[in-house]
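Colleague: Quick one: the structure is below, questions incoming.
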Amino acid sequence: MQFRIEDSSAKDGAATLIATTSAKSYTITGLKPRTNYWFHVYSWNGIREGAGSWLAVNTHGIRIRVPTTLTVGTTYNVTYLEYPLGSVPIGTEPNGLFGGGNRQTLSVEVVSVANGVSTLEVLSSFDNFPDNKSMQILDDGSFGAFDGVKAIYFKN
């Protein structure tokens, strides 16, 4: 017995086959943050298909951990920047230097707090930064998370 998995933009809508597997679990990669998906999963014996089920999947936004206690449900803004390679080491740029490119202000919400660490979730489909990065406290009391030439800053 095999299972087929289809992706659709709506329940009972036109679907695209994305996998056929005999496994009882399957990982779908490449999903965008804060996006709604519909998947149709049904059995397949090589001749005909079973009725199957529709599954609604809502992905969460990029999450960032901040080493401070904030109130769950509170919204804030963070700043995303990209710095030119080789200009200065990320996290050590002088105040005002270059200003960073591709500056974006992103709304975030505090989704959890545990052991003095708050988890912020970006409230858009922004996907230009890795999920679950930890911020560090910077000299001015703000926080920063870094990934190569990319940085997200937060000031409470």
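The values are calculated or read from the model by the stated rules, or taken from the named source; none is laboratory data. Predicted, not measured: the structure shown is a model, and the values here were computed from it. When we count neighbours, we look across all protein chains shown, and the Cβ atoms used for this are built from the backbone with ideal geometry, even at glycine. The accessibility values were calculated without ligands, DNA or RNA, using every heavy atom of the protein model including side chains. Shrake-Rupley method; radii C 1.70, N 1.55, O 1.52, S 1.80 Å.
Colleague: Please verify whether Trp38 is at pLDDT 90 or above, in contact with a Gly (Cβ under 9 Å, 6 or more places away or on another chain) and of a type in the set (A, V, I, L, M, F, W, C), treating the condition exactly as stated.
Modeller: So Trp38 fits the description; yes.
Colleague: Tell me which residues, restricted to the range 40-59, are touching a strand residue (DSSP E or B) at 6+ places or on another chain (Cβ under 6 Å) and part of a loop (DSSP other than H, G, I, E, B).
Modeller: Gly50, Gly52, listed by residue number.
Colleague: Quick one: would you say Tyr37 is part of a loop (DSSP other than H, G, I, E, B), under 26 Å from the mean Cα position of the chain (by Cα) and not β-branched (Val, Ile, Thr)?
Modeller: For Tyr37, the condition - part of a loop (DSSP other than H, G, I, E, B), under 26 Å from the mean Cα position of the chain (by Cα) and not β-branched (Val, Ile, Thr) - is not met.
Colleague: Looking only at the range 1-17, filter to residues that are open to solvent by 70 Å² or more (accessible area, probe 1.4 Å) and modelled with pLDDT of 90 or more; which one of those is farthest from Asp127 (Cα to Cα)?
Modeller: Gln2
Colleague: Among the residues of the range 18-28, which ones are surrounded by fewer than 13 Cβ atoms within 10 Å (Cβ to Cβ) and either in contact with a helix residue (DSSP H, G or I) (Cβ under 6 Å, 6 or more places away or on another chain) or closer than 27 Å to Val122 by Cβ (or both)?
Modeller: Within the range 18-28, Thr27, Ile28 meet the criteria.
Colleague: Of the residues Leu31, Leu81, which is open to solvent by less than 70 Å² (accessible area, probe 1.4 Å), of a type outside the set (S, T, N, Q), outside any loop (DSSP other than H, G, I, E, B) and modelled with pLDDT under 95?
Modeller: Leu81
Colleague: Go through the range 29-71 and give me each residue that's of a type in the set (S, T, N, Q) and more than 19 Å from Leu123 (Cα to Cα).
Modeller: Thr29, Ser43, Asn45, Ser53, Thr68, Thr69, listed by residue number.
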